[in-house]
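All remarks here apply to the structure that follows.
The values are calculated or read from the model by the stated rules, or taken from the named source; none is laboratory data. If you're wondering where the values come from, they're calculated on a predicted model, not measured in any experiment. Note that each Cβ is placed from the backbone with ideal geometry, even for glycine, and that neighbours are counted across all protein chains shown.
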Amino acid sequence: MPWKGEADPYKVWLSEIILQQTRVDQGTSYYTNFVQTFPHIYSLAKAKDEKVFKLWEGLGYYARCKNMLATARFIAFENDGKFPESYEELLKLKGIGPYTASAIASFCYNLPKPVIDGNVYRVLARVFKIKKSPDTTEGKKYFVGLAAELIDKKRPGMYNQAIMDFGATVCKPALPLCDSCIFQKTCGAFLEKNVLAFPVKLKRITRRERWFTYFIFYMGEKVFIQKRTGSDIWQNLYEFFLKETGKPMKWTEQKIRKYIDRELSIPEKVEICIHPPMKQMLTHQVIHAVFIEVHLKKMPTMLLQFDGKWLNKKQLRETGFPVIIRRFLENSIMLS
Ligand code: SF4
């Protein structure tokens, strides 16, 4: 992990923001790209939104990217380029919660703030045989209190890194290496021969299903795209003209022609191509998407009312799209 042992708050912050809700193996290349493209807080703060969102493409949770930019600009332009050096001040920054604030405080400023990720929850739950679930408010509070008691006050950064690494490499979720573990004689879960029952899990994620139909309107070589705004998923990324339905749609050419004629005054004679459905799993949602190409002969006035732009192939390559659209583009002949 390229950020390991790092004490530069900019790089620690960057790695923590990227790793929120993202696996280490997936986040590593993003971290490297960000550090290479924006080696310091000023280069990130001065970057154009579009460039940063393009680099973020595929990481999901785009509000993270928006908050990251806001914080970079605050630090660079209103705080002399310096990160605050106290936990409380760090917490005030956009997109920084207790976890990230603790990581920066302990790794960069040697403050005794415990960093508690999934690995740490697991180690503590097993060693101390904790029956409370970290999924509950009460459970979380208990773990936070215990972690604060246990932290090495002289070397908090090293302690935090060590317990996280121990969870990732020894006290692993499915196959912990109990036979060679230094806690074998005292670990509550091991002594009870019930290691896999810890940490206690309560919540099962239920995912909301959504059905998106993307109309890809072509005018010659150019296609129509719009920016996603509002508080929904994929903020600030681009997409084709979207029709969201409350249930799966069985689009036929006839239905499509009727729909675009009725809703967008597009005459029925246009050429249409329906692509096979695609799916993207997000943490709390499942997106089912159908892509339908519509080859226009002249600009429909209705479409001019929507805030969007017309892009050619080269521009499409340079634009930030959600993963499902990027996958569609790469598998279709649109970019070839
Ligand atoms: Fe984890 Fe097993 Fe070690 Fe207990 S004995 S801390 S369960 S690896």
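Report yes if residue 165 is of a type in the set (D, E, K, R), more than 9 Å from the ligand (Cβ to nearest atom), within 24 Å of residue 4 (Cβ to Cβ) and within 24 Å of the chain's Cα centre (by Cα), otherwise no. Considered against the rule, which asks whether it is of a type in the set (D, E, K, R), more than 9 Å from the ligand (Cβ to nearest atom), within 24 Å of residue 4 (Cβ to Cβ) and within 24 Å of the chain's Cα centre (by Cα), residue 165 comes out as yes.
State all residues of region 228-257 that are more than 20 Å from residue 67 (Cβ to Cβ), charged (D, E, K, R) and out of contact with any Ser or Thr (no Cβ under 7 Å at 6 or more places or on another chain); if no residue qualifies, say none.
Residues satisfying the conditions are 239, 244, 247, 250, 253, 255, 257.
Number of residues in region 166-191 that are touching a residue at least 40 places away in the same chain (Cβ under 8 Å) and of a type in the set (D, E, K, R) equals 0. Checked against (1) among the hydrophobic types (A, V, I, L, M, F, W, C); (2) crowded, with 20+ Cβ neighbours inside 10 Å; (3) within 17 Å of residue 233 (Cα to Cα), residue 38 meets all criteria but (3). With within 30 Å of residue 53 (Cα to Cα), modelled with pLDDT of 90 or more and in contact with a Pro (Cβ under 8 Å, 6 or more places away or on another chain) as the only criterion, which of 316, 237 stands out? Every option except 237 fails the conditions. Of all residues in region 278-336, those being polar (S, T, N, Q) and either without any contact (Cβ under 8 Å) to a residue 24 or more places away in the chain or touching a His at 6+ places or on another chain (Cβ under 8 Å) (or both) number 5.
How do the helices (runs of 4 or more DSSP H) wholly within region 49-154 filter down when requiring 2 or more residues that are closer than 30 Å to residue 286 by Cβ: which remain?
Per the criteria, 49-56, 62-78, 98-109, 118-127, 137-150.
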